Amino acid sequence: MKVTKVINQLGQVAYKCACCGMELGSLPLTFGSDYPEYYFTIPEEERETRVEETKSLYVVDEEYFFIRGRLTIPIIDYEEDLIFDVWTTLSEKNFIRTNELWNDKDRVNELPYFGWLQTYIPTYGNTLNIKTEVITQEVGVIPKVVVIEENHPLALDQTNGITLEKALSIVTEIIPDLHQETNKE
């Protein structure tokens with residue numbers, strides 16, 4: 001199962017899913033997780049009482065704090081980047097500060113916040129709980145997440161970039177999982 005690069009009838013680059021044969025107008029390069037991994041440790045019947053959530057923030061048991069951010073891996077030989085919307089932890093102090101500055105235009109002046117990644121990134125082994133920095137962006141833009149775990153392949157690729165060939169191999173691994181999720185619904 002893989003995504004292959006093809007040239008369509010107009011001579012434009014398109015991508016074809018080997019799982020289902022669907023031709024995509026462009027290579028899918030943005031993926032994400034709706035929940036921090038810690039969320040799945042909470043029994044389903046307890047989530048309503050133990051979890052407070054918004055689209056970009058989660059609190060579990062008024063003790064564990066999470067924020068959604070964007071982790072970008074540059075593709076050095078392509079015009080777009082590989083993007084993952086991910087979750088990372090924040091300390092209670094930084095979570096409160098994030099909320100205080102949520103609609104403040106000066107929030108871009110904040111120093112990065114430390115966090116532990118709470119999202120699995122396909123092909124990078126165990127990415128759960130690796131060190132990150134959360135960098136606040138303009139109002140309306142989710143934070144940038146930078147992996148700072150020394151010598152971790154994800155940190156190296158985020159810093160150095162990857163080839164389109166490697167991006168295709170990552171996408172190829174993700175697409176079948178997306179098909180399985182769609183078939184469950």
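Miscellaneous remarks
- Net +/- balance of residues flanking S33 in space, Cβ distance below 11 Å, scoring K and R +1, D and E -1: -2
- 3J(HN,Hα) along the range 141-152, derived from phi through the Karplus expression 6.51 cos²θ - 1.76 cosθ + 1.60 where θ = phi - 60°, amounts to 10, 5, x, 8, 10, 10, 6, 10, 5, 4, 6, 6 Hz, with x in place of Gly and Pro.
- Estimated FRET transfer efficiency when R0 is 45 angstrom, pair E46-D77 (beta carbons, to 0.05): 0.45
- Annotation: amide H of I162 within the under-5 Å range of I75, I76, sequence separation 5 or more or interchain, hydrogens built in the peptide plane.
- Partners for K144 among aspartates and glutamates (Cα-Cα distance below 15 Å; same-chain residues under 8 apart left out): D81, D85, E110, E133
- Backbone HN-Hα couplings from phi across the range 106-118 [Karplus 6.51/-1.76/1.60, Hz, Gly and Pro as x]: 7, 4, 5, 8, 5, 5, x, 9, 7, x, 10, 4, 10
- Packing-based order for 158-166, 99-107, using average beta carbon neighbours within 10 Å, highest first: 158-166, 99-107
- Only Lys, Arg (+1) and Asp, Glu (-1) charged, at Cβ; the range 54-155 dipole about Cα centre in debye: 120
- Summing Lys and Arg as +1 and Asp and Glu as -1 over all other residues whose Cβ lies under 9 Å from the Cβ of V139 gives a net charge of 0.
- Neighbours of L156 by Cβ distance under 13 Å: Lys/Arg scored +1, Asp/Glu scored -1, total -2.
- A simple charge model with +1 on the Cβ of Lys and Arg, -1 on the Cβ of Asp and Glu and nothing else charged puts the dipole of the range 88-138 at about 160 debye relative to its Cα centre.
- Proximal aspartates and glutamates to K93, defined as alpha-carbon separation beneath 12 angstrom and excluding residues fewer than eight positions away on the same chain: E63
- Here's how it looks for W87: its modeled amide H is under 5 Å from those of G69, Q118, T119, which are all 5 or more places away or on a different chain.
- Hits among aspartates and glutamates - C-alpha to C-alpha of K131 under 12 Å, sequence gap 8 or more where chains match: E149, E150
Computed from the coordinates by the stated procedures, all read-outs in this text should not be read as laboratory data. This is a predicted model, so every value here is computed, not measured. Glycine also receives a Cβ, built like all others from the backbone with ideal geometry; neighbour counts cover every protein chain displayed.
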